[in-house]
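Read-outs: derived from the displayed coordinates by stated rules, not from any lab. As the structure is a computational prediction, the values presented were derived from the model and not from experiment. All Cβ positions, even for glycine, are placed from backbone atoms using ideal geometry, and neighbour counts span all protein chains on display.
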Amino acid sequence: MRIIGGTHRGTALAVVGKGDAGAHLRPTTDRVRESLFNVLQGGRFGDPINGARVLDLFAGTGALGLEALSRGAAHVTFVDSGRVAQKLIRDNIAKLRRAGDVTLLSVDAAKLPQGTPCQLVFLDPPYGQELGGKTLTAALAAGWIAPEALIVWEESRAQIAPPGFTSLDQRRYGDTWVSFLRHDA
């Protein structure tokens, strides 16, 4: 895994291999991440990255949030309660020397403390466990999701927008579906 674009382009990230099933780590592949960021920066959704506060839920290795930082995001809050994930995220933050631009929370993503509204949210829960909608609702209730925020939800199937959100687009990359939602203001 590596950073695909921006100021940290080409930087290798901490190696997870094919993932860690016990820790529910299933890193987003470079190919899917590149396609996803091409969509984000293609103009359809405006400019959701540059200067944005980003929330990376079920952050795993932190690759999505770090890619956003590399491409101009102002700050990323990583949320993952797993010890393996926490270590990988810390290692990757250190590699990019971006500790001043991030917050790392070791909490259950569905039980977030009060937070600062973010304009871009990555949601990559363990597949098939029905955690995405619950987590999105909890993040909204805790003040993490700004009006008009763009949500990028990765799952094993296309997702239906929960109340308070509008579905904008859905893309399939092999066995991964990425659903783009907008928080209704």
- Task: Report the relative contact order of the range 70-185, percent, no decimals, based on alpha-carbon pairs under 8 angstrom and at least 6 residues apart.
- Result: 21 percent
- Message: As a test, work out the antiparallel percent of DSSP beta bridges whose residues both lie in the range 21-183, rounded to the nearest 5.
- Response: 45 percent
- Could you sort 62-72, 104-114 so that the peptide with the highest average Cβ count within 10 Å comes first and the rest follow in order? 62-72, 104-114
- Message: Please report the spacing between the Cα centers of the range 81-116 and the range 124-185 in Å, no decimals.
- Response: 20 Å
- Note on the structure: With +1 at each Lys and Arg Cβ and -1 at each Asp and Glu Cβ, the charge dipole magnitude of the range 82-148 around its Cα centre, to the nearest 20 debye, comes out at 360 debye
- Message: Counting C-alpha atoms alone, how compact is the range 21-183: give Rg to one decimal and Dmax as a whole number, in angstrom.
- Response: 14.1, 39
- For the range 107-185, what class follows from the C-alpha gyration tensor (a ≥ b ≥ c being the square roots of its eigenvalues): rounded when a/c is under 1.5, otherwise prolate if a/b is larger than b/c, else oblate? oblate
